[in-house]
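Here the structure is laid out as structure tokens; the discussion comes afterwards.
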Amino acid sequence: MGDRNAGTARRTGAGAEPALAPTRGDGRDVSRPGGVLKRERVRDAVLEMAEERRPGDAIPSERVLCAQLGVSRPTLRAAVDELVIAGILVREHGRGVFVAPEKITQELVPGRHSLGVPRASGAWTSRLLEFTTVPAGARTGRRLHLSPAAPIVYVARLRLVDGSPMAIEHLHIPAALVPGLTRSELEHGDLYEHLHTHHGVHVREATQAIEPTVVTRDEAGLLGVPELSPALLFERLTTDTAGQPVEHVHSVYRGDRYRIVSRLTLGADTAPAEPGGGHHPGIPPGDLPHGNLVAASTLGDVQEQRR
């Protein structure tokens, strides 16, 4: 299965494994700091079993794993819980623990001078939840550079991959840009391609913010997950070739089937950094050679539906 969620499932490195230490009932070590490494070792052992299996395969029972690893059930459960939260394993009530669906990669923004969303594996479709024209209002009007009374097209749609719910999108588009926008354009094909082909709107750049959230009861029902499940909130403002806003979107993506991956280019070959610049998320200030930039591209991983 390759590198499954390597950022969450860290390796402890080569060498002798730490001896097991006494634990509390919740699996936490109570005797010494080495308990952190102990939990890493147990989790890594279960992770390796998952990597050797195919999506949908079961991992051994708690009794078998406890015997193999020489740990208590609370310690094992704590390790499995971490991998379930990370989306590597899934629990099915009354059946056991299984390897989660494989993840596939979708590039969100391939280049800094153009806006495109190449298709991920699987069939992406949309189901309209709402499609209407309303006044922009103060907040959306500010984002789209419109008066509060200006009409916008508001669209709520459920995004699906191979028929499985993935995200809920809320789109706000100036009505003057998309006269005659149809339900079919919003349910089938690429929206940006429809904007280009049918409405003469040429999108170029987007500013997108991402933050963690949890789903509400209504969102949970649409996405098929428990209420308050982890999710990712995307907020995006898209502009055209003239720099005018053409779309404001906020979307809620399932946290169990979507994650963000960044590819960083480090080193002296990049252009000099501007004085007083900040630091890249995840890289503490001072960890990069002075004067070097971080060139980054961001990818989205969508977990493939289990067959």
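The values are calculated or read from the model by the stated rules, or taken from the named source; none is laboratory data. Just so you know, these numbers come straight off a predicted model, no measurement behind them. So basically every Cβ, Gly included, is an ideal-geometry build from the backbone, and we count neighbours across all protein chains shown. We work out accessible area using only protein heavy atoms, side chains counted, and drop any ligands, DNA or RNA first. Shrake-Rupley method; radii C 1.70, N 1.55, O 1.52, S 1.80 Å.
A few remarks follow.
- The one condition in (1) at pLDDT 90 or above; (2) closer than 30 Å to F98 by Cα; (3) over 18 Å from the mean Cα position of the chain (by Cα) that D218 fails to fulfil: (1)
- Total residues in region 122-160, condition touching a residue at least 60 places away in the same chain (Cβ under 8 Å) and among the hydrophobic types (A, V, I, L, M, F, W, C): 3
- V178, sole failed condition from (1) open to solvent by less than 60 Å² (accessible area, probe 1.4 Å); (2) modelled with pLDDT of 95 or more; (3) out of contact with any His (no Cβ under 6 Å at 6 or more places or on another chain): (3)
- From E185, E169, E193, residue being at negative phi, surrounded by 17 or more Cβ atoms within 10 Å (Cβ to Cβ), in a helix (DSSP H, G or I) and out of contact with any Gly (no Cβ under 9 Å at 6 or more places or on another chain): E185
- Test set (1) hydrophobic (A, V, I, L, M, F, W, C); (2) open to solvent by 30 Å² or more (accessible area, probe 1.4 Å); (3) modelled with pLDDT of 90 or more; (4) not in a helix (DSSP H, G or I) - V64 fails condition number: (4)
Yes/no per residue for (1) among the polar types (S, T, N, Q); (2) under 30 Å from L76 (Cβ atoms); (3) modelled with pLDDT under 90:
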site	(1), (2), (3)
R91	no, yes, no
V117	no, no, yes
A123	no, no, yes
R127	no, no, no
T132	yes, no, no
R143	no, no, no
A150	no, no, no
D162	no, no, yes
I168	no, no, no
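- Residue-level check: of (1) in a loop (DSSP other than H, G, I, E, B); (2) open to solvent by 20 Å² or more (accessible area, probe 1.4 Å), V201 misses just (2).
- Evaluation of G180 against (1) assigned to a strand (DSSP E or B); (2) over 26 Å from the mean Cα position of the chain (by Cα) (one fails), failing number: (1)
- Of all residues in region 182-210, those satisfying the criterion of being in contact with a Phe, Trp or Tyr (Cβ under 7 Å, 6 or more places away or on another chain) and of a type in the set (V, I, T) are V203, I210.
- Test: S31 is over 17 Å from D81 (Cα atoms) and either modelled with pLDDT under 90 or open to solvent by less than 70 Å² (accessible area, probe 1.4 Å) (or both): yes
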